[in-house]
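The values are calculated or read from the model by the stated rules, or taken from the named source; none is laboratory data. The structure presented is a predicted model; accordingly, all values stated were derived computationally and were not measured. A quick note on method: Cβ atoms are made from the backbone with ideal geometry, for glycine too, and the neighbour counts reach across all protein chains shown.
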Amino acid sequence: MTRLAPSAAFVLASLLPGACLLAGAVLGGIWAAAGLITMTLVVFLCDRAGVAARAGAGLATGLPLLIVALHFTALPAVLLAVGRPGHLSGAETALLLMGAGLFFGQVSNACAHELIHRQGRAARRLGAAIYVSLLNGQHVSAHLLVHHVHAGTDKDPNSAPLGQSFWRFAARASVTEFVAGWRAENARRRPGQLHPYAVWLGGAALALVLAWLLAGAAGIVALISMSAYAQLQLLLSDYLQHYGLRRRLVAGGRTEPMGPRHSWNAPQPWSAALMLNAPLHSDHHMHPGRPFDQLRLDGDRAPVLPRSVPVMGALALVPPLWRRVMDPRVRRLTGEMPHTPATGTRLPASTETLKI
């Protein structure tokens, strides 16, 4: 295992890709691919090398603010680069947008997720601003008011049941999450109070206007493309971290509290640092307000994915491979027997797994 100074892995993992995006937006050339490389190959190699990641004192305060500043610098820089005639070739533009989509989807989203769970209003507004800039402000309402209340049940659009493919999950959740968040906000909204969805949708419209002012029609296309890619990764994270795990009904018809066994975890050090420990998901759901530097993995009770979140996310894009790897693991944890989609007939649980 390679050891770095306390917090160094967190700082490098989360800030280096954004810095490379800025270089790519300004300089083009090989730098246009640097963000993509640091979000893929570098993450894979550092996870394989077992680079130790430990959050030092004060990191939970300073690092999210640095990521916020980097996000709101990199996003307009990428849009300006795309809209500047003759600045980037077609290949450079594609590489830059792919790297930016990965950074916004994994680092910016993770930072926003961290901040909307904070107690301070300023921190929550910064987290919401990141989501709004990626045309996904409604996720704030759905995540806090629906997902954290109903995770691991059929009432949560973002908890995939056993056997559901990612693509079917994404098509359903992208719509039902929006509606569930809307209904939750309606239920608690006081008369005369500004509806949060007016902020989420108005903010998205403002982001599109700013993209047009910065880069014209190319800016609008780029923002929509990067935002869709970032939102797809957010859906992937939810899919991975709750697939097939269900909370049981207890006495009185209530749902049992969230426990370690209700979320999948991925403790690989570099990718966990990249996403501010969001892959330590069981502890987060049990203690939603706990800062990322204090999240821990209960290795005896919390289920662990066989590979890191980025690797398992790629696997989930191929449903037959995903089910071959994950369904036997879910059944071993839950004791659930598989059903055929057509008849519901119980089948023998397969012991076959794909080595991964």
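Can you tell me which residue among Arg125, Arg172 is free of Cβ contacts under 8 Å to residues at least 12 places away in the same chain and in a helix (DSSP H, G or I)? Outline the logic, then answer.
Values: Arg172 fails: free of Cβ contacts under 8 Å to residues at least 12 places away in the same chain.
None of the others qualify; the one that does is Arg125.
Check Leu315, Leu232, Leu223, Leu236 and return the single one that is aliphatic (A, V, I, L, M), closer than 21 Å to Leu102 by Cα, surrounded by 24 or more Cβ atoms within 10 Å (Cβ to Cβ) and modelled with pLDDT of 95 or more. Break it down stepwise before answering.
On the way: Leu315 fails: surrounded by 24 or more Cβ atoms within 10 Å (Cβ to Cβ); Leu232 fails: surrounded by 24 or more Cβ atoms within 10 Å (Cβ to Cβ); Leu236 fails: surrounded by 24 or more Cβ atoms within 10 Å (Cβ to Cβ).
Every option except Leu223 fails the conditions.
For the range 176-191, does any single residue satisfy the condition of being among the hydroxyl-bearing types (Ser, Thr, Tyr) and within 23 Å of Arg248 (Cα to Cα)? Can you show your working first?
The first filter runs over the range 176-191 and keeps only residues among the hydroxyl-bearing types (Ser, Thr, Tyr), leaving 176.
Cutting the leftovers down to within 23 Å of Arg248 (Cα to Cα) gives us 176.
Yes - at least one qualifying residue is present in the range 176-191.
Residues to consider are Leu297, Leu276, Leu321, Leu333; find the one that is touching a Lys or Arg at 6+ places or on another chain (Cβ under 7 Å) and either assigned to a loop (DSSP other than H, G, I, E, B) or more than 22 Å from Ala112 (Cα to Cα) (or both). Let's see the steps before the verdict.
Working: Leu297 fails: touching a Lys or Arg at 6+ places or on another chain (Cβ under 7 Å); Leu276 fails: touching a Lys or Arg at 6+ places or on another chain (Cβ under 7 Å); Leu321 fails: touching a Lys or Arg at 6+ places or on another chain (Cβ under 7 Å).
Among Leu297, Leu276, Leu321, Leu333, only Leu333 is touching a Lys or Arg at 6+ places or on another chain (Cβ under 7 Å) and either assigned to a loop (DSSP other than H, G, I, E, B) or more than 22 Å from Ala112 (Cα to Cα) (or both).
Within the bounds of the range 74-85, is there any residue that is more than 22 Å from Leu213 (Cβ to Cβ) and of a type in the set (A, V, I, L, M)? Reasoning before the result, please.
Taking the range 74-85 and keeping what is more than 22 Å from Leu213 (Cβ to Cβ), we get none.
Checking the range 74-85: not a single residue is more than 22 Å from Leu213 (Cβ to Cβ) and of a type in the set (A, V, I, L, M).
With respect to Ala112, determine if the residue is closer than 27 Å to Trp212 by Cα, at pLDDT 95 or above and in contact with a Phe, Trp or Tyr (Cβ under 6 Å, 6 or more places away or on another chain).
Working: closer than 27 Å to Trp212 by Cα: yes; at pLDDT 95 or above: yes; in contact with a Phe, Trp or Tyr (Cβ under 6 Å, 6 or more places away or on another chain): yes.
In short, yes.
For the range 20-30, does any single residue satisfy the condition of being modelled with pLDDT of 90 or more and outside any helix (DSSP H, G or I)? Don't jump to the end; show me each part of the working.
As a first pass, look at the range 20-30 and keep what is modelled with pLDDT of 90 or more: 20-30.
Going one step further and asking which of them are outside any helix (DSSP H, G or I), we end up with 28.
Yes, the range 20-30 contains a residue that is modelled with pLDDT of 90 or more and outside any helix (DSSP H, G or I).
Which numbered condition in (1) outside any loop (DSSP other than H, G, I, E, B); (2) under 21 Å from Ser14 (Cβ atoms) is the only one that Pro267 fails?
In the conditions (1) outside any loop (DSSP other than H, G, I, E, B); (2) under 21 Å from Ser14 (Cβ atoms), Pro267 misses (1) alone.
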